[in-house]
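These notes concern the structure reproduced below.
Readers should treat all values here as calculations from the given coordinates under stated rules, not as data from a laboratory. As the structure is a prediction and not an experimental result, all values here were calculated from the model. Glycine gets a Cβ as well: all are built from the backbone with ideal geometry, and neighbour counts include every protein chain shown.
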Amino acid sequence: MSDTATIPTLPPSLAERLSEEQRQAVVEASRGQRLKTLSIQLKISEAETLTAMAIASGLDVASNLEADSAALSVLPARLVHDYQIVPILLRPGTRSPLPESTAAATPTTPLHLATAWPPDNVMVDWIRTFTARPLVWHLGVPEKIHQLILQHFGVGSGSLEDSDEGYVAPEAAEQAEAEIDEEAAVVRFVTDVITQAVADEATDIHFEPQEGQLRIRYRVDGILVQVPVPENLLRFQDAIISRLKIMAKLNISERRLPQDGRINFRANGTILDIRVSTIPTIYAESVSLRLLNQKKEAYSMERLGMSDEEQNEINHVLNFPHGIILVTGPTGSGKSTSLNAFLRKINSPELRIVTIEDPIEYEVPGVNQMQVRPEIGLKFSDALRHVLRQDPDVIMVGEIRDLDTAEIAIRASLTGHLVFSTLHTNDAPGAITRLIDMGIEPFLVASAIEIVIAQRLVRRLCPECARAEPVNKLKLRDTLAILGLDPGEADHVHSLKSPAGCDRCRGTGYRGRIGIFEILKPNDELHELILKRESTRTLAQCARRHGMRTLQQSGWEKVVAGYTTLDEVLRVITVTEK
């Protein structure tokens, strides 16, 4: 199915702003990405571009798209995927009447199709081979059309279709039969699943064999989302798992033991580093993929969600010649991303910076980055010993996992090195007691630590559809009390933004994530408490007295500012963390 479409006539006010190179960029983009590419070239919003395209092509824009479930079988899945089209129902109020049920459709019943880009002759000719019904075209938001295709056909359904281009629509007199190359189909399917995960900005993909099905889930913005899959997927389960193991260079005949591997996957010109883990389950092997290096674009402290005040506190410490800077939080809370932002902030030709990571998630130009390899004896502690012989000014240790690593990192920070690292603790004061519990002498901890930053990631409200709603004062006071905040804050708030859901955020009401932070800078009083081995609670109370804003307070500030919701803050901060 070749796509030889060319860019349609544009209004003169838009066409004159496109160079030949820009026009070519639009034509060469995939059909689902052309509208976005055109909007970038014209430097206007996608909504404005969609309206301009509708005027240029003489098509109307269909909003609130709803798939015509009865007409989905008219077109083969691969054609739908390739051309990004979907049969739709039109509700009252649109420019065209509501079609009759396709179940009772005749050859003269119009087939309404939503498309991400105006149709061309090749595309229409292909569709004509599957149905004789009159075609009525509508433009739609590409993200929504793609979402409907995945929802009703499943990710990679075009790859596993039992009869590819030989598929014939139900209303045709005969149905062709074609044999599918199973191996090639599975290769295409796995590629489709990973490519879609990258497009959805997923961090993980899970292939989970269940009774009677192979479930596939993405982790997007910290939430697991089940992926719609083709109905015949179970038939290809073993082949899919074997394909993933082959890509990761694992032993495909070993199904009784867990295995770990890596995949270098090329997507849209970028090579991704994918960590693969398999475990045996009662039905088959479960395979998990962690996607790394998805974005070359690094995060700044502002983009992380830090306020000006928080940035100033951290920038002050980043200028210190020595000491240790700790970032804490659970897995997936953005610790490595924050450390990367700090390194980029101080990176300069005058500093020799060496990192020890597992894995290397971001490449930082000018920085010497080392990957630990426990399987050959290169652990964090071993790597750190060698790095100290490399005349570093700044060292980043991906994680303090044991006493050996902690001791070397602390002593390095006391002997003229600025050290960055992470710990898994619930809050900032907990990092101090964790180091002491690991066996580090309190006087070393008190002398070395310059700042501790605890953080979480909350989903960011979609800017397109978030809407302000009046608050229930009583409920808000109760929620603030649960978070350990002053219930009286509710008296000053009359409305808060809430998620609504739209085509841009795929109906979730959220797009992307933003950080909330708790920053602890030890002072003289805290030093004394550390030396006395006081509890985390005592340290936290002292820090709050001296102005430390807790994770709860930071989250509440993001809610009031309209970035997120209280439900999100409650989701990532448990009540026990007060």
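Output wanted: per-residue J couplings in Hz (rounded whole) for region 396-407, from phi through Karplus 6.51 cos²θ - 1.76 cosθ + 1.60, θ = phi - 60°, x for Gly and Pro.
Couplings: 10, 9, x, 7, 8, 9, 8, 4, 4, 5, 4, 4 Hz.
Between Leu224, Ser498, Ala77, whose Cα lies farthest towards the positive end of the dipole of the chain when Lys and Arg beta carbons carry +1 and Asp and Glu beta carbons carry -1, centred on the Cα centre?
Checking the options against the dipole of the chain, the answer is Ser498.
From the Cα gyration tensor of region 244-292, with a ≥ b ≥ c the square roots of its eigenvalues, which class applies: rounded if a/c is under 1.5, or else prolate if a/b is larger than b/c, or else oblate? Walk me through the numbers on the way to the answer.
Numbers: a/c = 2.95, a/b = 2.27, b/c = 1.30.
Prolate is the answer for region 244-292, as a/c is 1.5 or above and a/b outweighs b/c.
What is the spin-label model distance, in nm, from Val225 to Arg545 if the labels are put 7 Å beyond Cα along the C-beta direction?
My value for the distance between the label points is 4.7 nm.
Which aspartates and glutamates have a Cα less than 17 Å from the Cα of Lys43, not counting those fewer than 8 places away in the same chain?
Correct list for Lys43: Glu16, Glu20, Glu21.
Using only Cα atoms, tell me the angle between helix 473-482 and the longest principal axis of the chain; keep it within 0 to 90° and round to the nearest 10.
50
Between Leu403 and Asp567, take the C-beta separation as r, use R0 = 41 Å, and let me know the FRET efficiency to the nearest 0.05.
Values: r = 39 Å, r/R0 = 0.96.
My answer for the efficiency is 0.55.
What's the extension gain from Thr195 to Ser45 if we count 0.36 nm per residue and subtract their Cα-Cα distance? It would help to have the intermediate numbers written out before the result.
Numbers: separation 150, 0.36 × 150 = 54.00 nm, distance 2.50 nm.
Answer, rounded to one decimal: 51.5 nm.
Could you count how many Lys pairs in region 424-578 have their Cα atoms under 30 Å apart, skipping same-chain pairs fewer than 8 positions apart?
13
In nm, to one decimal, how far is the modelled label at Ser300 from the one at Asn232, with both set 7 Å along Cα→Cβ?
Distance between label points: 5.2 nm.
If I fit a long axis through the Cα atoms of helix 46-57 and take the longest principal axis of the Cα atoms of the chain, what angle between them do I get, 0 to 90°, rounded to 10?
10
According to the square roots a ≥ b ≥ c of the eigenvalues of the Cα gyration tensor, what is the shape class of region 317-395, taking rounded for a/c under 1.5, prolate for a/b larger than b/c otherwise, and oblate for the remainder? Working shown, then result.
Numbers: a/c = 1.59, a/b = 1.12, b/c = 1.42.
Oblate, since a/c reaches 1.5 and b/c is not below a/b.
To the nearest 0.05, what FRET efficiency results for Lys249 and Lys36 with a Förster distance of 35 Å applied to their C-beta separation?
Numbers: r = 35 Å, r/R0 = 1.01.
Calculated value: 0.50.
Suppose each label sits 7 Å from its Cα in the direction of the beta carbon; what would the Gln390-Ser307 distance come out to in nanometres?
Here the answer is 3.8 nm between the modelled labels.
Using the Cα gyration tensor of region 432-578, with a ≥ b ≥ c the square roots of its eigenvalues, what is the shape: rounded (a/c below 1.5), prolate (a/b larger than b/c) or oblate (neither)? Intermediate results must be reported in sequence, preceding the final value.
Numbers: a/c = 3.22, a/b = 2.06, b/c = 1.56.
Judged from the Cα gyration tensor, region 432-578 comes out prolate (a/c at least 1.5, a/b above b/c).
Please report the antiparallel percentage of DSSP beta bridges with both residues in the chain, rounded to the nearest 5. Walk me through the numbers on the way to the answer.
Details: 52 of 82 bridges.
Close to 65 percent.
Do you know the relative contact order of region 438-553, to the nearest whole percent, from alpha carbon pairs under 8 angstrom that are 6+ apart? List each step's numbers first, then the result.
On the way: 152 pairs, mean separation 41.7, N = 116.
Relative CO of region 438-553 lands at 36 percent.
Output wanted: per-residue J couplings in Hz (rounded whole) for region 429-441, from phi through Karplus 6.51 cos²θ - 1.76 cosθ + 1.60, θ = phi - 60°, x for Gly and Pro.
Result, rounded to whole Hz: x, x, 5, 5, 5, 5, 5, 5, 5, 6, x, 7, 5.
Can you list the HN-Hα couplings for region 34-40, worked out from phi with the Karplus curve (6.51, -1.76, 1.60; θ = phi - 60°), rounded to whole Hz and with x for Gly and Pro?
5, 5, 5, 4, 5, 5, 5
Is it possible to state the helix-based mean residue ellipticity at 222 nm for the chain, with each DSSP H run of 4+ residues giving -39500 (n - 2.57), the sum divided by total residues, to the nearest 500 deg cm²/dmol? What is it? Display every interim value, and only then the final one.
On the way: 21 runs with 200 residues, N = 578.
Calculated at 222 nm, the ellipticity per residue is -10000 deg cm²/dmol.
Would you mind working out the magnitude of the charge dipole of the chain relative to its Cα centre, with +1 at each Lys and Arg C-beta and -1 at each Asp and Glu C-beta, to the nearest 20 Debye? List each step's numbers first, then the result.
On the way: 62 positive and 78 negative charges, 226 e Å.
Its charge dipole is roughly 1080 debye.
Where does helix 536-545 land angle-wise versus the long Cα axis of the chain, in degrees 0 to 90, nearest 10?
Roughly 90 degrees, rounded to the nearest 10.
Charges at C-beta only: +1 for Lys and Arg, -1 for Asp and Glu. How large is the resulting dipole of region 460-570 about its Cα centre, in Debye rounded to 20? Provide the component values of the computation, followed by the final result.
Details: 18 positive and 15 negative charges, 58 e Å.
Result for region 460-570 is approximately 280 debye, rounded to the nearest 20.
Which cross-chain or sequence-distant (5 or more) residues have an amide H under 5 Å from the amide H of Gln369, H modelled 1.01 Å from N in plane?
It is Thr355, by chain and number.
Need one number: % antiparallel among DSSP beta bridges in region 275-413, to the nearest 5. Could the numbers behind the result be given before it?
Working: 7 of 15 bridges.
Around 45 percent of the beta bridges assigned by DSSP in region 275-413 are antiparallel ones.
Where in region 233-255 does the amide nitrogen come within less than 20 Å of the point 7 Å from the Cα of Glu183, taken along Cα to Cβ?
235-254
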